[in-house]
Amino acid sequence: MADKDKSQVRAEKAVIGCLLIDPECIEGLNLSPEMFTGLYTRRLFQEFIAAKGERLDHILLRARISEDDIPEDLFIPLLNECVGLPMYSSEVGKYAALVFEAYRTRMLQNMDPSKDNAEIIAKVESLVFNPPPVSIAKIAQEYSLKCFSPEQDPGFKSGYRMYDNMLGGMKRGTISVVGARTSVGKSAWGLEVALNMAKQKLKVRYISTEMSREEIYHRLVAHESGIISARIQNADHYCGDEEFNNFEAGNQSLYALNDFVVDDDIYDLDTVRSSMIGYDVLIVDYVQEIRMKGSRLDRYEQLAEICRELRIAAKRYDCHVMLLSQLNRYVKDTDEPDVDNLSESDALGKSAAQVTLLWNLDDTRTTKGVKIAKNRRGKTGKCSMKFDGAVNKFIPMTKEDFKPAKPGETPFE
């Protein structure tokens, strides 16, 4: 089953799960049974529509739905899976939007091109999703339960302890930006973060506009084996048993990462946007190479629109999007950069919940400055990291903690 199909099925089951938790959340939900692709989820949704907000448990549903519609051996496991997906019924609109958008896409694909354009346009415009209203009372009742508790969502971690402690985690539905001048190490940063997240059992997708899959593999296996990339790429024999064993161990580490997906041939916004579906984290290396098909906007406006669309899609698909970005050319790689130095558009800084900037602290280019320049979730600040380019690895300098920003720059100061 394709990733899009899996995401569609999960979204349908999540909608049913929300209705099992709180049947009243069906109010204002402009979905209809034909929008569901799954026969079983469609049948369940029909019963919730008929119930008009009445609570339905597995006993009531079993009494209303015949075994011909949903077999007995699948019935309880299906309901358990549905109710286990959503955390809160107030999020039903997010899942319903995915169901609706998949239905809208199918409708557009099945349109008859021989029909009058005005009729096609009218049909497209009629397919608009309006999320159901949710009162602040319901939101407070549900989300307050996880505050100051083990259920608090810590966000995704990069794998760098000091950096993560300051950053406060990367949240679903948001965008973060990592900016650096050419050859400072933003691709190395993006790959190592992707690798660390994949090891946390997250579904990670990495889009590279510069490196091939083979180049990415060479970098990752160097990171995992400790053998320098140049030797892996160029050597025609092992230098001994230790090198062979290290190389095998590095590959075994990568063999386990089936949910870490790499793309090296994606350059348009529509494909990047759809690439989020079914993934926890999407990393784009780098955003200035992404284009909008058929757009007549100038580059500044186009990048602003790309940022806006990716921010909306991240929220809709419940995915965190990390955009690697170039800095303006007039910034030297040894200059400490700021958010205003992100290349081509200030929309990058405005759209991002978090902005991290990298630069060289000296001419050896082995010590990097790491600066959290913007952070809606935590603190801003900076630290130093050693960088071993031969094996594509950042090494936090353990004797130096993040230096906090000036008081008043974040809600935590």
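We did not get these values from a lab; they are worked out from the coordinates using the rules stated. In this text, all values refer to a predicted model and were calculated from it rather than measured experimentally. Ideal geometry is used to build each Cβ from the backbone, glycine not excepted, and the neighbour counts take in all protein chains shown.
Observations on the model:
- Mean-square fluctuations from a GNM of the chain, with a 10 angstrom spring cutoff on Cα atoms, peak among Leu202, Leu257, Leu74 at Leu74.
- Angle between the chain longest axis and helix 3-21 axis [Cα atoms, degrees, rounded to 10]: 60
- Computed from backbone phi, the HN-Hα couplings of region 261-272 come to 10, 10, 10, 10, 9, 10, 9, 10, 4, 4, 6, 4 Hz, rounded to whole numbers (Karplus: 6.51 cos²θ - 1.76 cosθ + 1.60, θ = phi - 60°; Gly and Pro given as x).
- Most fluctuating residue given options Lys52, Lys203, Lys13, as computed from a GNM of the chain linking Cα atoms under 10 Å: Lys52
- Theoretical ellipticity at 222 nm over the chain - DSSP helices of four or more residues, -39500 (n - 2.57) apiece, nearest 500: -13000 deg cm²/dmol
- Computed over the chain: relative contact order in percent, which uses C-alpha pairs under 8 Å that are six or more apart: 17
- Whole-Hz couplings from phi, Karplus 6.51/-1.76/1.60, listed for region 228-236; x for Gly and Pro: 5, 4, 4, 6, 4, 6, 10, 6, 9
- Between Asn30 and Asn130, the built amide H atoms are under 5 Å apart, and every one of these is 5 or more places off in sequence or on another chain.
- Between Ser295 and Asp241, the FRET efficiency from the beta-carbon distance, with R0 = 45 Å, is close to 0.20.
- Derived scalar couplings ³J(HN,Hα) [region 314-324; Karplus, 6.51 cos²θ - 1.76 cosθ + 1.60; whole Hz; x for Gly, Pro]: 4, 5, 5, 9, 6, 10, 9, 10, 9, 9, 7
- Cα-based helix-to-principal-axis angle, 186-199 vs the chain, degrees rounded to 10: 50
- Selected from Glu301, Glu81, Glu67 as most flexible by GNM, with the chain as the system and alpha-carbon contacts under 10 Å: Glu67
- Each peptide in 25-37, 363-375 gets a packing score, the mean of other Cβ atoms within 10 Å over its residues, and the list from highest to lowest is 363-375, 25-37.
- Gained length - Glu210 relative to Asp73, 0.36 nm times residue gap less alpha-carbon distance: 44.4 nm
- Between the residues Phe247, Pro132, Val15, the greatest Cα displacement towards the positive end of the dipole of the chain, with unit charges on the Cβ of Lys, Arg, Asp and Glu, is found for Pro132.
- Taking 32 Å as the limit for the C-alpha separation, the pairs Lys171/Lys293; Lys293/Lys393; Lys52/Lys171; Lys6/Lys138; Lys315/Lys386 exceed it in the case of Lys293/Lys393; Lys52/Lys171; Lys315/Lys386.
- For the chain, the fraction of alpha-carbon pairs lying more than 31 Å apart is 48 percent, rounded to a whole number.
- Using C-alpha pairs under 8 Å with a sequence gap of at least 6, the mean separation divided by the residue count of region 161-404 gives a relative contact order of 30 percent.
- As a length-normalised measure over Cα pairs under 8 Å and 6 or more apart, the relative contact order of region 3-145 settles at 36 percent.
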